[in-house]
Amino acid sequence: MDSTFAQELLKQRQSGPLSLPVRQHASSFADSLLQVLFPHFSSLSFSFPDEIDGALRVVERDLRKALTPLEGHMPCQADEVSREFFRQIPSIYRMVMEDAEAIERGDPAAESVDEVISAYPGFLAITFYRIAHEFSLLGVPIFPRILTEIAHQRTGIDIHPGATIGRSFFIDHGTGIVIGETTVIGENVKIYQGVTLGALSVSKSLSKQKRHPTIEDRVVIYSNATILGGTTVVGHDSIIGGNVWLTESVPPFSAVYHTSDIKVRDSRAENMLPDYVI
């Protein structure tokens, strides 16, 4: 091995602007937390509240370990961040249970909330997002993004931890969904696979401005719709049809559809349609 390359790697490690959390620690923390919150993810058995409290204290200890490399880059020390996060756990749990119930109500194929929690990728992605979003609110760098990217790899659903998402959020199927950093989503919103809530191209200097759309309450967005831009607002109780490309606001109670121009070829016609090869 070229020794100069090893020196280059060492220099890069020593001069990095930020100590990085270990990805494995982040994944272990999230999985351990889910195992305590939901019996669907673990064979752990609890008979008394004190046992659950003890298990949560172990997870909190693991969180402090995962956050320690970031000390000096957070508003407070790892101990305080961990304590504050666990103070929010009851609220996070109740929100994800509302998400699970919304999925069960809205999907005729879902036989129970237990099935949703156990098997639905949308529920897993939303749960990771709600955990990561809390860390984002606490000013923790990088760690929340690692958490949502773990969910992205497992589910194919990409939700930025900085997005703001209201209660009873329903992701149906989910593969290919992208929800950007400054997206704002209201309550009781339903999104199908392939939806992009994205940004129009801006310079890097404007990256912290509102770049992604606002989706108000009770909106349904069907598969492969693309909604772009920080000033784009989809009014409440609207329906956005599949394959729609939307870059301007629509008022409440709107219905926006993409109309395909379908032509049926006459096999007797001499002029054949082009044969495309992709």
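The values are calculated or read from the model by the stated rules, or taken from the named source; none is laboratory data. Since the structure is predicted, the reported quantities are computational estimates derived from the model, not experimental observations. Here the Cβ positions follow ideal geometry from the backbone for every residue, glycine too, while neighbour counts run over all protein chains shown.
Against the list (1) surrounded by 11 or more Cβ atoms within 10 Å (Cβ to Cβ); (2) touching a residue at least 40 places away in the same chain (Cβ under 8 Å), the condition residue 75 fails is (1).
Name every residue in the range 250-266 that is polar (S, T, N, Q) and modelled with pLDDT under 85, in order of residue number.
259, 260
A quick yes/no check of all residues on (1) more than 15 Å from residue 159 (Cβ to Cβ); (2) out of contact with any Lys or Arg (no Cβ under 9 Å at 6 or more places or on another chain):
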residue	(1), (2)
175	no, yes
182	no, no
187	yes, no
212	no, yes
231	yes, no
235	yes, yes
241	yes, yes
245	yes, yes
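Would you call residue 132 of a type in the set (Gly, Ala, Ser), without any contact (Cβ under 8 Å) to a residue 60 or more places away in the chain and not in a helix (DSSP H, G or I)? In short, no. Could you tell me how many of the residues in the range 83-102 are in contact (Cβ under 8 Å) with a residue 24 or more places away in the chain and charged (D, E, K, R)? Summing the residues that are in contact (Cβ under 8 Å) with a residue 24 or more places away in the chain and charged (D, E, K, R) in the range 83-102 gives 4. Residue pairs whose Cβ atoms lie under 9 Å apart, sitting 6 or more positions apart in sequence or on different chains, and linking a residue in the range 28-46 that is in contact (Cβ under 8 Å) with a residue 12 or more places away in the chain and of a type outside the set (S, T, N, Q) to a partner that is part of a loop (DSSP other than H, G, I, E, B) and exposed (fewer than 14 other Cβ atoms within 10 Å of the Cβ), are 36/44; 36/46.
Out of curiosity, is residue 28 surrounded by 12 or more Cβ atoms within 10 Å (Cβ to Cβ) and in the same structural domain as residue 121 (by TED's automatic domain parsing)? Yes, satisfied. For the range 267-277, the criterion of a residue being modelled with pLDDT of 95 or more and acidic (Asp, Glu) is satisfied by no position. Being at pLDDT 95 or above and either outside the structural domain of residue 178 (by TED's automatic domain parsing) or not hydrophobic (A, V, I, L, M, F, W, C) (or both) is true of residue 247.
Selection within the range 61-87: residues that are at pLDDT below 95 and among the acidic types (Asp, Glu). The member of this set that is nearest to the chain's Cα centre (by Cα) is 62.
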